2 protein chains.
Amino acid sequence: MTFKLPIIKPVDEAAKTAVLERQNNLTKPPGSLGRLEELSVQLAGAMGRKRPSVARKAVIVMAGDHGVVAEGVSAYPSEVTPQMVMNFLHGGAAINVLARAAGARVVIVDMGVAAALPDHPGLVKRKVAYGTQNMAVGPAMTRAQAETAVQTGIEIVTAEIKKGVDLIAIGEMGIGNTTPSTAIAAAFTGQPAAALTGRGTGVDDAGLLRKIAVIERALAVNHPNPADAMDVLAKVGGFEIAGLAGVVLGAAARRVPVVIDGFISTAAALVAAELETAVKPYLIASHESVEIGHQAVLERLGVRPLFNLDLRLGEGTGAALAFPLIEAAARIVDEMATFVEAGVSEGAK
Amino acid sequence: MTFKLPIIKPVDEAAKTAVLERQNNLTKPPGSLGRLEELSVQLAGAMGRKRPSVARKAVIVMAGDHGVVAEGVSAYPSEVTPQMVMNFLHGGAAINVLARAAGARVVIVDMGVAAALPDHPGLVKRKVAYGTQNMAVGPAMTRAQAETAVQTGIEIVTAEIKKGVDLIAIGEMGIGNTTPSTAIAAAFTGQPAAALTGRGTGVDDAGLLRKIAVIERALAVNHPNPADAMDVLAKVGGFEIAGLAGVVLGAAARRVPVVIDGFISTAAALVAAELETAVKPYLIASHESVEIGHQAVLERLGVRPLFNLDLRLGEGTGAALAFPLIEAAARIVDEMATFVEAGVSEGAK
């Protein structure tokens, strides 16, 4: 396979202008809905629609395991990854509840879980390998594996878009995956691992120091090249992270906005943006998480999260919580009356 | 009428403990849903339920006019208040759109609009007077009027709760009402008007200076007594603010949590809390608004808003946007699987 980046168009400036003008004529002081108004303009530009609708929503949750877990970087064992995938398929996880509440469907993808998973109608089986290699001793993936995983993400989101979807959220499950995400953040931002490393699902103080040392070692052993995003992804990434980078690229190529979740999914979006900067206007950051490296990655991406609810779960949970806010932003444009329609006097402009 | 405060019970500690224990057994790292977990515990304590449900939601929007508008404190004329009430009744305002999106009903109340409003099945007509008096020259209301307005709010929310509702949001419409709200904030916090006065719907620099001077004059002329919250409300309040204080008191008395919106509705909640501090655990702050005095009022109340989306519209819009987050918090407790149920290994605790 020779990997090729999809073509991503610039946003539709005419649609943005049309929505901005309409916002200024709706029965409210101009600008008084703040970031909701900004969101509606962003949706219009990304989707190329003067009345953007995001009624059809999906969360794509990708799962993968990480060889680096052998270094003791996580509070949970790798066996939890397939267990949680089964929990997703049975509808009992947080992302199932939050997606149902938001009226969104959930797509679960095995990108590289280190266990055989049963066939299930809700599971998309695209395993690239049974987990990555231990990046503390060598590259997590080959470059060909990384390219295959990104391409898989593009194909999966393209298939979902063909089924009909207006807005995509990305989420992940993979014991140990804050470790590669931190290494990715360090590689692209140039900041030291110690400034970017958090507790993930909850390692203690000794675990945190070990995790920082492991990330430093992975960067020293592999020398990821930040000017070559595929090199960074292959050496210190993960299969679910690569797949989600592909989802971002594939969604943007079809003008579908992508809602990013916490630290790991933001690292995946950053990989996509470093591969192709044109994805940026298609990204909506849902929340700022507890994970300390998240802010640096959001800044590097140039996105501002909608809220901070002290979340640190992943799975796409924060992104699903943002769905109603984004849908509200679109509905304001479509459903509110203008001053003229409602017979309301305008203020001094 | 002799006004009497309703009796408000302390929260249910056993229900809080039960929800906290359940949160720690659900298939996620303990605490990883952050403020959603806190919200679920608060709902349990307030409602006295181990599995709180907030499926039935209502926004109570109260409208009133303000004599102080004669001083030139608003970017819009008072005629906009009844015009916007008609817009609410026809479903074209922002609060209509956002309440529909959240699956909430809207209750519109004329507490003191300075114009006769037509009969309409969606309008609760409880006008105390045709607008307040100009507080820059004397008290906005008599004490009896303030008490009547608070009592009206208690009656209205009690009637709504009897119809069936789990969660109430409060919103308001009243040209000029950031001015009395700022005076209320200054009276209770002791901070100078200049530190608390914002642009409301959008006055210019000259308007802002005039507004600060008017608030200082209202405080100097009326000497509101912060130890007597009804005195503050009568002298520098408004009919819709008083009504909403009553909604808070009446809802808390029946263990229904109240979601507060922006600066004005938070000022109303503060009046309720200064009348009866036991309302505090029943309050959920939705957002921090652009209005600069909002933070001081939130701090005085001891509540932490869920998000900041640069909103400054009022009507209950920010509170309606918080509904899905609060409902999600409740549904997590009810619908997620535990580690044992899902067969997922727990991490080191």
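Between B:D205, B:D231, which is of a type in the set (D, E), out of contact with any Ser or Thr (no Cβ under 9 Å at 6 or more places or on another chain), at pLDDT below 95 and over 30 Å from B:E37 (Cβ atoms)? Outline the logic, then answer.
Numbers: B:D231 fails: at pLDDT below 95.
Just a single option satisfies the conditions, and that option is B:D205.
Which one of B:P121, B:P139, B:P77 is within 14 Å of another protein chain (Cβ to nearest Cβ) and not acidic (D, E)? Working first, answer last.
Working: B:P121 fails: within 14 Å of another protein chain (Cβ to nearest Cβ); B:P139 fails: within 14 Å of another protein chain (Cβ to nearest Cβ).
Result of the check over B:P121, B:P139, B:P77: B:P77.
Here is a check on your reading of the model: is B:G202 touching an Asp or Glu at 6+ places or on another chain (Cβ under 8 Å), in a loop (DSSP other than H, G, I, E, B) and either closer than 22 Å to B:A63 by Cα or open to solvent by 70 Å² or more (accessible area, probe 1.4 Å) (or both)? Full working, then the answer.
Values: touching an Asp or Glu at 6+ places or on another chain (Cβ under 8 Å): no; in a loop (DSSP other than H, G, I, E, B): yes; either closer than 22 Å to B:A63 by Cα or open to solvent by 70 Å² or more (accessible area, probe 1.4 Å) (or both): yes.
Answer is no for this residue.
Look through B:A268, B:A329 and report the one residue that is open to solvent by less than 10 Å² (accessible area, probe 1.4 Å), more than 28 Å from B:G200 (Cβ to Cβ) and at pLDDT 95 or above.
The match here is B:A329.
Tally the residues that are open to solvent by 50 Å² or more (accessible area, probe 1.4 Å), of a type in the set (K, R) and touching a residue at least 60 places away in the same chain (Cβ under 8 Å), restricting the search to segment B:41-69.
Going through segment B:41-69, the residues open to solvent by 50 Å² or more (accessible area, probe 1.4 Å) turn out to be B:42, B:49-51, B:55-56.
Now narrow it down to the ones that are of a type in the set (K, R): B:49-51, B:56.
Imposing the further condition that a residue be touching a residue at least 60 places away in the same chain (Cβ under 8 Å) reduces the set to B:51, B:56.
The total comes to 2.
Of all residues in segment B:224-244, which are of a type in the set (A, V, I, L, M) and open to solvent by 10 Å² or more (accessible area, probe 1.4 Å)?
B:A227
Got a sec? Which of A:A102, A:A75, A:A136, A:A115 is under 22 Å from the mean Cα position of the chain (by Cα) and either under 14 Å from B:G343 (Cβ atoms) or touching a residue at least 12 places away in the same chain (Cβ under 8 Å) (or both)? Before you say what the answer is, go through the steps one by one.
On the way: A:A75 fails: under 22 Å from the mean Cα position of the chain (by Cα); A:A136 fails: under 22 Å from the mean Cα position of the chain (by Cα); A:A115 fails: under 22 Å from the mean Cα position of the chain (by Cα).
Residue meeting the stated conditions: A:A102.
Tell me whether segment B:15-26 contains one or more residues that are within 9 Å of chain A (Cβ to nearest Cβ), of a type outside the set (D, E) and crowded, with 18+ Cβ neighbours inside 10 Å. So that I can check it myself, show each step before the final result.
So in segment B:15-26, the residues within 9 Å of chain A (Cβ to nearest Cβ) come out as B:26.
After this cut, where a residue has to be of a type outside the set (D, E) as well, the list is B:26.
The next check asks that each one be crowded, with 18+ Cβ neighbours inside 10 Å; those that pass are B:26.
Yes; the residues of segment B:15-26 include at least one that is within 9 Å of chain A (Cβ to nearest Cβ), of a type outside the set (D, E) and crowded, with 18+ Cβ neighbours inside 10 Å.
Restricting to segment A:205-221, count the residues that are under 27 Å from A:R143 (Cβ atoms) and open to solvent by less than 10 Å² (accessible area, probe 1.4 Å).
Going residue by residue through segment A:205-221, those that are under 27 Å from A:R143 (Cβ atoms) are A:211-221.
Right, trim to open to solvent by less than 10 Å² (accessible area, probe 1.4 Å) and you get A:211, A:214-215, A:218.
Matching residues across segment A:205-221 total 4.
Among the residues that make up segment B:86-106, is at least one of them farther than 21 Å from B:I170 by Cα, aliphatic (A, V, I, L, M) and at pLDDT 95 or above? If you could, list the steps in order and put the result at the bottom.
So in segment B:86-106, the residues farther than 21 Å from B:I170 by Cα come out as none.
No, segment B:86-106 has no match at all.
For the structure I just gave you, tell me whether B:R49 is under 30 Å from B:S181 (Cα atoms) and basic (K, R).
Values: under 30 Å from B:S181 (Cα atoms): no; basic (K, R): yes.
The answer is no for B:R49.
Would you be able to say whether some residue in segment A:183-195 is of a type in the set (S, T, Y) and part of a helix (DSSP H, G or I)?
yes
B:L208 is checked against (1) over 21 Å from the mean Cα position of the chain (by Cα); (2) within 20 Å of B:A46 (Cα to Cα) and fails just one. What number does that condition carry?
Every condition holds for B:L208 apart from (2).
Which numbered condition trips up A:T189, out of (1) under 18 Å from A:S289 (Cβ atoms); (2) in contact with a Ser or Thr (Cβ under 9 Å, 6 or more places away or on another chain)?
It fails just one condition, (2).
Just the residues that are farther than 13 Å from B:R22 by Cβ, among the acidic types (D, E) and at the interface with another protein chain (Cβ under 7 Å from one of its Cβ atoms), please, taken from segment B:305-349.
Within segment B:305-349, B:D310, B:E327 qualify.
With B:D228, B:D205 as the choices, which residue is without any contact (Cβ under 8 Å) to a residue 24 or more places away in the chain and within 14 Å of another protein chain (Cβ to nearest Cβ)?
Matching residue, one of B:D228, B:D205: B:D205.
So which of A:G112, A:G103 ends up being away from chain B (no Cβ under 14 Å) and touching a strand residue (DSSP E or B) at 6+ places or on another chain (Cβ under 7 Å)? Don't jump to the end; show me each part of the working.
On the way: A:G103 fails: away from chain B (no Cβ under 14 Å).
Of A:G112, A:G103, the one residue that is away from chain B (no Cβ under 14 Å) and touching a strand residue (DSSP E or B) at 6+ places or on another chain (Cβ under 7 Å) is A:G112.
Report, ordered by the first and then the second residue, all pairs with beta carbons closer than 9 Å, sequence separation of six or more or different chains, a first member in segment B:283-305 that is more than 10 Å from B:F263 (Cα to Cα), and a second member that is β-branched (V, I, T) and part of a loop (DSSP other than H, G, I, E, B).
B:L283/B:V303; B:I284/B:V303; B:A285/B:V303
The values are calculated or read from the model by the stated rules, or taken from the named source; none is laboratory data. Quick caveat, the model's predicted, so the values are computed rather than measured. Neighbour counts are summed over all protein chains in view; Cβ atoms, including those assigned to glycine, are modelled from backbone coordinates with ideal geometry. Surface accessibility is based on the protein's heavy atoms, side chains included, excluding ligands, DNA and RNA. Shrake-Rupley method; radii C 1.70, N 1.55, O 1.52, S 1.80 Å.
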